[in-house]
Amino acid sequence: MDWDYPHPFTLPRVPQAADIDGLNHTNNAVYVRWCEQAGWAHSEALGLALDDYRRLDRAMAIRRGEYDYLLPTGAGEALVLGTWLVAGDGKLAMERRFQLVRERDGATVLRGRWDLVCIELSSGRP
């Protein structure tokens with residue numbers, strides 16, 4: 001696959017009938033949900049699960065999310081969602097990128113990005 005960045009953390013995804021909207025394609029909210037799932041799965045693969053964040057009283061919260069919906073997908077299409085941590089100041093801010101690729105032709109159907117900020121869970125403050 002032609003990934004935007006090297007070595008993505010990937011999750012396979014296949015839209016189900018319940019994911020399809022009135023326009024007969026995968027609803028945009030489904031892509032957002034998948035990005036959230038990929039972000040958590042990637043964090044866990046890096047050794048930080050939700051219980052770890054609670055114990056540390058720190059977590060990365062989404063400050064801004066952007067999604068470019070490039071091509072429609074339909075029920076049963078095999079897709080692969082890649083994600084990366086690509087930038088940040090190493091202390092308070094971080095950026096996560098997403099790319100959703102259709103397996104049959106390698107087409108990118110979605111790109112997304114999150115600006116993240118480290119917060120103290122007990123207060124909600126950066």
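Read-outs: derived from the displayed coordinates by stated rules, not from any lab. From a predicted model like this one, the values you see are computed outputs, not experimental measurements. Virtual Cβ from ideal backbone geometry, glycine too; neighbours counted across all protein chains shown.
Calculate for the chain the 222 nm mean residue ellipticity that helices alone would give, adding -39,500 (n - 2.57) per DSSP H run of length 4 or more and normalising by residue count, nearest 500 deg cm²/dmol.
Numbers: 2 runs with 25 residues, N = 126.
Rounded to the nearest 500, the figure is -6000 deg cm²/dmol.
Find how much the distance from residue 54 to residue 2 grows on full extension, using 0.36 nm per residue of separation minus their present alpha carbon separation; answer in nm with one decimal.
Computed gain between residue 54 and residue 2 is 15.1 nm.
For residue 70 and residue 121, FRET efficiency with R0 = 35 Å and r from the beta-carbon atoms, rounded to 0.05? Could you put the intermediate results ahead of the total?
Values: r = 35 Å, r/R0 = 1.00.
Given R0 = 35 Å and the Cβ-Cβ separation, E is 0.50.
Give me the one-decimal Kirkwood hydrodynamic radius in Å for the chain, with the sum taken over alpha-carbon pairs.
This gives a value of 15.4 Å.
Can you give the charge dipole size of the chain about its Cα centre, rounded to the nearest 20 debye, using +1 on the beta carbon of Lys and Arg and -1 on the beta carbon of Asp and Glu?
Magnitude of the dipole: close to 280 debye.
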